[in-house]
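Here, each number is a calculation from the coordinates, and none is a lab measurement. Bear in mind the structure is a predicted one, so any value in this text is a computation, not a measurement. No Cβ is skipped: glycine too gets one built from the backbone with ideal geometry, and neighbour counts run over all protein chains shown.
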Amino acid sequence: MAVPAYAVVPRAETLASSCPMTSKITSSNSTNMAKSLVPTRLSSSAWITGQRFCVNSFSSKSSVSSSSGTGQATTITMTATMPPKADRKVSGLYVPHETHKQVLHSIPPSKLEIVQSLDTWAEETLLPFLKPVDKCWQPQDHLPEPSSEGFYEEVKELRARAAELPDDYLVVLVGDMITEEALPTYQTMLNTLDGTKDETGASLTPWGVWTRAWTAEENRHGDLLNKYLYLTGRVNMRSIEKTIQYLIGSGMDPQTENNPYLGFVYTSFQERATFISHGNTARHAKDFGDAKLATICGLIAADERRHENAYSKIVEKLFEVDPDGAMLAFGDMMRKKIAMPAHLMYDGVDQNLFSNFSMVAQRTGTYTARDYADILEHLVARWNVPKIEGLSGEGRRAQEFVCTLAPRIRKLDERAQLKPKRSPKTGPFSWIFDREVQMCKGLQDAVVTVRSRRTSTGWLARSAIADILDKERGSLSLNPVMTGHNLSESKPAACNLDYTAL
């Protein structure tokens, strides 16, 4: 069941004062409970110092049931506050989205100790991937100099080059820029990981130093693309700025569970995905005659590649010191699917904005199903996954799953090519003043409705790739629409195929 992003478990004090409980949770001992709060796993149930808080269902109002006696579990039924789809604005700030069941602090103490033992390794191996500030390029190095006499002429030349960029390319470039501009969310996500988060905001641990310096390097990407797009005069900057604000306000749901094993598998995959995406926008810019834009996108891609190497090195180390734990984490993240960082994208108008942006990126070959499969195969090879031995039974099953998933994704791609074609789908984008852009209705990982049904909280969708992953778990439950990668075929010939038969 999907849980609204803003439906949270209340504090113990709130529960004691507002819930009609028959157990012995009072204001006084609930305070003690809060003080002695242990790492809490919120899935089907969560243990909090002897009291079990179980999110069982989402009814029209809150209800609480409990068992009498000391040490007995207390089950709490939470209320879903997700409004109807048409009314999902909260004080006009952002549109909350359905997310997966929230699981918190899933790393066991033994694994946490392993992560904490890597501090010296991180200082010696991870931090050298960072570049000194004086050796980093800055956005202004690649933009017209506003203090120079030739500024207006440089802007005129920039606009002349940008005039040749097609609308679908602009949509992809804007989407990439918006994703980069949501950097506060990504730093927040890194600082949820137990054992590696920046505890103080200025921690001198190697993990804290890495997170802040990584964020500082990434910050240049959105700055540069934002200023470039502003100077082109071809995009609706106010709509773009609204989208950025909505996206940062909505956050993201990577399903990493405060677990650094899961978190660093996610960042390894995602940094390579952004490297590929920016690399392709660089190649396309060159094809369209804008060599300076190609340089800009290429510089960003190079940063992403360096960051990918750093995060992959962390997981490589985890495979070295705890092969079974790392294998289980890799399998877990790939079963869940890697959610794109901007999967909660919204511009105040289009409730399917991320889906539509993803389809344009797919059709233009900026980021495709084959890229997803290639990234997976790259990580499997880099971490030497097929040759790892000494695994538990569960670890071996995870190993087999990740080693065979990429060919299965490609097989779906091949089957999609055989489907009959339908007329192209087009749609407006507020980012380019509502001009229409062709989209490809192809194989989408949880972003295009394939098999769907109406529920009280909106549309839930089935995707072909989700079928693969759910069958591995022996489950065919529905998943929320806005929680995954775009996995359609990049060639225009694959557009508008019907995947309901998959």
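Can you tell me what the convex hull of the Cα atoms of segment 118-412 projects to on average, as an area in nm²? Walk me through the intermediate numbers first.
Working: hull surface 65.0 nm².
Mean shadow area of the hull around the Cα atoms is 16.3 nm².
Counting pairwise Cα distances across segment 263-329, what percent come out greater than 19 angstrom?
Numbers: 939 of 2211 pairs.
Roughly 42 percent, rounded to a whole number.
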Alpha-carbon radius of gyration plus Dmax, which is the widest Cα pair, for segment 179-278 in Å: 15.0, 46
Listed residues LEU376, PHE330, ILE388: farthest to the positive end of the dipole of segment 302-389 (Cβ charges): LEU376
Exceeding the 29 Å Cα-Cα cut-off - candidates LYS197/LYS337; LYS337/LYS425; LYS337/LYS411; LYS292/LYS336; LYS387/LYS411; LYS286/LYS317: LYS292/LYS336; LYS286/LYS317
Residues with amide H under 5 Å from that of ARG435, placed H, sequence gap 5 or more: PHE429
Student exercise, segment 118-412 dipole from Lys, Arg, Asp, Glu Cβ charges, in Debye to nearest 20: 860 debye
